[in-house]
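A.B. asks: A single structure is presented below for examination.
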Amino acid sequence: MTSATTPEVDSTIVARPPRPDRRRALSATPSVRATMIKIVSLGLLDALVFYAAFVLTFNSEWVLAVGVVAAAVVINVIYLRRGWLPAKYLIPGTVFLLIFQVYAIVYSGYVAFTNYGDGHMISKESAIEALIDKSLVRVPESPAYGLVVVERLGQLAFLVTDPEGEALLGSDEQPLRPADNAEFAGDRAIAVDGYTTLDFSEMIADQKRIAAMSVPLTDDPNDGALRTPDGSQAFVYAATMQYDEEADAFVDTATGTVYEDTGEGAFVAPNGTELRPGWKIDVGLQNFVDAFTEESIRQPLLAVLIWTFVFAGFTVAATFAVGVFLAVMLNDERLRFRRTFRVLVILPYAFPVFLSAIIWSGMLNPQFGIINQVFFGGAAIPWLTDPVLAKLSILTVSLWLGYPYMFLVATGALQSIPEEYVEAAKVDGASPWAIFRHVKLPLLMVSMAPLLIASFAFNFNNFNLIYMLTRGGPQDINTGMNVGATDILITLVYKVAFGETGGRDFGLASAFSIIIFVMVAIISVVSFRRTKALEELN
């Protein structure tokens with residue numbers, strides 16, 4: 001019975017069963033397909049991590065191996081556990097950020113404090129083995145060892161028969177040891193369990209690797225090694241450079257010269273002669289000190305630094321001026337064919353920088369370039385080989401490539417300025433120049449100032465244009481460094497790291513990179529702080 005104050009409830013509504021929330025049900029119970037995709041993806045990831053951990057462990061990179069495994073465990077837990085939806089979305093981006101950004105930055109910082117480069121790329125133990133191996137000479141009248149080359153898991157080894165008829169097995173990393181399970185043909189060992197004997201054609205195909213092999217006779221590399229000139233016989237080679245482990249020095253048995261470890265990552269003779277290869281060591285701030293104090297580095301670095309600021313500053317200022325000027329001109333509604341002109345203005349922006357730089361390089365060719373042939377009557381003006389003209393050419397091409405971007409940004413910013421401001425200035429009797437200087441330009445700067453800072457940072461590291469147009473040349477003949485008149489810091493870093501003529505010095509190049517990073521960061525921070533004053537205009 002229903003009371004007088006209680007509203008009557010519709011029996012049909014009460015009897016209707018609750019409607020299940022389909023979206024919630026789907027999120028609570030993932031489909032079989034989604035579960036299978038997740039399991040397969042995690043399985044592939046785990047397999048890749050297992051392989052990476054195995055390789056890292058094999059190369060004694062224990063910290064990285066543990067880090068990779070720990071990261072894989074965290075990822076598995078996050079994706080196998082129900083919930084933690086934000087973490088599931090953030091993990092992929094975070095992993096890629098750590099691998100391609102954080103790791104690269106941290107490793108570059110580490111290399112900057114080492115002597116890593118040509119002649120210093122391996123460990124000290126490997127350098128000692130390499131020095132001994134380089135000095136091996138055949139011992140006169142040494143006995144001949146019968147030889148067959150065997151292979152296992154891609155690694156080659158020598159199976160030899162010594163003059164007493166005993167079978168021995170060894171490789172570059174493993175000194176000779178008895179091969180008790182060797183198979184003989186007559187008095188010569190020809191096979192051994194676990195290895196595949198190479199036939200003649202296989203030896204021909206791998207002859208370079210076989211010829212470079214040196215199999216130590218014992219655990220002491222000073223005892224000599226076996227090498228083969230023809231793949232059928234091996235002979236004893238002895239090192240002329242003897243390593244004294246107690247003194248930590250090399251002795252040249254031919255001259256008696258002693259090369260000691262002086263703490264510079266190499267064995268050095270009293271007269272300063274250095275044995276190569278050396279090894280990688282930590283040098284602290286030495287690369288940074290050399291960059292600012294060593295005369296052969298400081299002078300070209302200072303010249304490159306000045307030119308980098310000139311190039312980046314001029315490019316930003318010139319492209320901004322030309323872009324804004326064209327934007328103001330083409331924003332005038334009285335101008336006919338405005339759209340056509342706008343399309344023509346942004347055409348340089350449609351071509352890739354690589355292609356544009358190559359085309360300009362051809363146009364500026366002294367003998368065959370269209371500029372000399374058409375505009376200067378065939379005169380051989382060295383646009384890209386004279387230091388001053390090369391810089392002017394780069395600034396011109398940079399302006400050509402950069403102004404369309406500024407034009408597009410300025411056009412959009414101009415159209416967003418309220419027309420009331422301009423009309424009010426006209427009513428007050430302001431001239432067009434005064435309207436632009438006191439009304440439009442300040443409002444333009446509100447939106448364009450951050451872009452100008454970003455453009456400066458981009459041009460500070462504009463490797464593509466410099467390298468594709470002049471490759472940093474012409475070469476500066478006043479310095480021993482591989483540096484040219486149009487090199488900016490980033491191209492100098494490239495030449496120091498991968499230079500074809502001056503050798504590779506990754507440590508010094510990383511130090512330069514850190515210097516560039518610090519400079520760009522300081523300029524950006526200061527500039528952004530100063531642009532805060534423009535925000536008051538809004």
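A.B. asks: Calculate the spin-label point distance for Val137 paired with Leu98, positioning each point 7 Å from the Cα along the beta-carbon direction, and give it in nanometres.
C.D. replies: Each label point is offset 7 Å from its Cα along the Cβ direction, giving 5.5 nm.
A.B. asks: Sticking with this structure for a sec: How much accessible area per residue does segment 249-333 have, in Å², with a 1.4 Å probe?
C.D. replies: In whole numbers, segment 249-333 has 51 Å² accessible per residue.
A.B. asks: Give me the percent of the accessible area of segment 324-410 that comes from carbon and sulfur atoms, probe 1.4 Å, all protein chains in place.
C.D. replies: Of all accessible area on segment 324-410, carbon and sulfur atoms account for 71 percent.
A.B. asks: Still on this model: Using a Förster radius of 35 Å, what is the FRET efficiency between Ser431 and Leu305 based on their Cβ-Cβ separation? Nearest 0.05, please.
C.D. replies: E between Ser431 and Leu305, to the nearest 0.05, is 0.25.
A.B. asks: Please calculate how many Å² of accessible area segment 342-447 carries per residue, with a 1.4 Å probe and no DNA, RNA or ligand atoms counted.
C.D. replies: Details: 6000 Å² over 106 residues.
On a per-residue basis, 57 Å².
A.B. asks: In addition: Calculate one ³J(HN,Hα) per residue across segment 154-169 by plugging θ = phi - 60° into the Karplus curve 6.51 cos²θ - 1.76 cosθ + 1.60, and present them in order as whole Hz with x for glycine and proline.
C.D. replies: Residue by residue, segment 154-169 yields x, 9, 8, 8, 9, 10, 10, 10, 6, x, 7, x, 8, 7, 10, 10 Hz.
A.B. asks: Now for a separate question. Compute the FRET efficiency between Ser31 and Leu153 as 1/(1 + (r/R0)^6), taking r as their Cβ-Cβ distance and R0 = 56 Å, and round to the nearest 0.05.
C.D. replies: On the way: r = 43 Å, r/R0 = 0.77.
Here the calculated transfer efficiency is 0.85.
A.B. asks: What aspartates and glutamates sit close enough to Lys391 to cross-link, taking a C-alpha to C-alpha distance under 15 Å and skipping anything fewer than 8 places away on the same chain?
C.D. replies: Asp476, Asp487
A.B. asks: While we're on this one: Please report, as a whole percent, how much of the solvent-accessible surface of segment 168-235 comes from carbon and sulfur atoms (probe radius 1.4 Å).
C.D. replies: That fraction is 50 percent.
A.B. asks: Still on this structure, I have one more. Leaving ligands, DNA and RNA out of it, report the carbon-plus-sulfur percent of the accessible area of segment 120-164 at a 1.4 Å probe.
C.D. replies: 53 percent
A.B. asks: Further question: Mind giving me the FRET efficiency for Trp84 and Leu408? R0 is 51 Å, r the Cβ-Cβ distance, nearest 0.05 is fine.
C.D. replies: That pair, Trp84 with Leu408, gives E of 0.75.
A.B. asks: Fully extended, how many nm does the chain gain between Glu166 and Val74 (0.36 nm per residue separation, minus their Cα-Cα distance)?
C.D. replies: 27.7 nm
A.B. asks: In the chain, which whole DSSP H runs stretch at least 24 Å along their own axis (Cα) and average 1.0 or higher on the Kyte-Doolittle scale? Spell out each step's value before the answer.
C.D. replies: Details: long enough: 32-58 (38 Å, 1.72); 62-80 (27 Å, 2.48); 295-330 (52 Å, 1.73); 387-415 (42 Å, 1.24); 441-460 (26 Å, 1.85); 506-531 (37 Å, 1.86).
Flagged H segments are 32-58, 62-80, 295-330, 387-415, 441-460, 506-531.
A.B. asks: Continuing with this model, one more query. Hey, what's segment 84-137 come to in accessible area per residue, 1.4 Å probe, Å²?
C.D. replies: Solvent-accessible surface per residue comes out at 63 Å².
The values are calculated or read from the model by the stated rules, or taken from the named source; none is laboratory data. Quick caveat, the model's predicted, so the values are computed rather than measured. Reconstructed Cβ throughout: ideal geometry from the backbone, glycine too, with neighbour counts over all protein chains shown. In case anyone asks, the SASA skips ligands and DNA or RNA and just uses the protein heavy atoms, side chains included. Shrake-Rupley method; radii C 1.70, N 1.55, O 1.52, S 1.80 Å.
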